[in-house]
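The values are calculated or read from the model by the stated rules, or taken from the named source; none is laboratory data. What you see is a predicted model; the values in this text were computed from it and never measured. Virtual Cβ from ideal backbone geometry, glycine too; neighbours counted across all protein chains shown. Note: accessible area is taken over every heavy atom of the protein model, side chains too, but ligands, DNA and RNA are not part of it. Shrake-Rupley method; radii C 1.70, N 1.55, O 1.52, S 1.80 Å.
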Amino acid sequence: MVLDETWLRSRFAGHRSVKPVTSGDGHLWRSDREIRPAAVLVPVIRREKDLTVLFTRRTAHLNDHAGQISFPGGRAEPEDAGAAGTAMREAREEIGLAAERVEVLGALPEYVTVTGYRVTPVVGLVAAPLDLRLDEFEVAEVFEAPLAFLLDPANHQRNYVQFDGQERYYYAIPYQHYYIWGATAGMLMNLHAFLRG
């Protein structure tokens, strides 16, 4: 099977219902606090020989998810035109990705984070070359990983840690010297289920 843009578009073209691998760890969020809507852009880059996925590494001083690997995205604002509007606005603010470079293909199931966000991952096909301008306050760097690598089950891990006396499981996909884990890896597992289902 060739993982190209035609195949990718075809997976989003039909109205398929695929059960997500994970819906997140929102059950650990305090029940007296509101869960806020958010969205991220899952940018699939159309390269000459293959498709890649773009990630950001967050700066070390941020309050939430400092230093972690993530997709561009954030909290929804009232003026956003739905989840896609939030994802596109945040991608422009964080990495300078222009909306006209992105073809929105569709959305994956919502993922609720332990930090109290209901995140809609919006998958977009991005035309190279990229002319990115990083928000140095939020984004330390960007990098790309091959889509084929991310979809290969041999690269998927399910790990656990002890947290407040309980075992907490999470997904991870190590790539080169990057450790993609938590919500980002969980969304990638749902992307894998959607595309391969």
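Remarks
- Solvent-accessible area, 1.4 Å probe, carbon plus sulfur percent, for the chain: 50 percent
- Accessible surface, the range 85-129, averaged per residue in Å² (probe 1.4 Å): 35 Å²
- Amide H contacts for G124 (H built 1.01 Å from N in the peptide plane; partners 5 or more residues away or on another chain; cut-off under 5 Å): V42, V44, L105.
- DSSP-assigned coil residues among GluC sites (Glu not before Pro) in the range 119-170, each with at most 12 further Cβ atoms within 10 Å: E136
- Mean separation of Cα contacts under 8 Å (6+ apart) over length of the range 53-130, as relative contact order %: 20 percent
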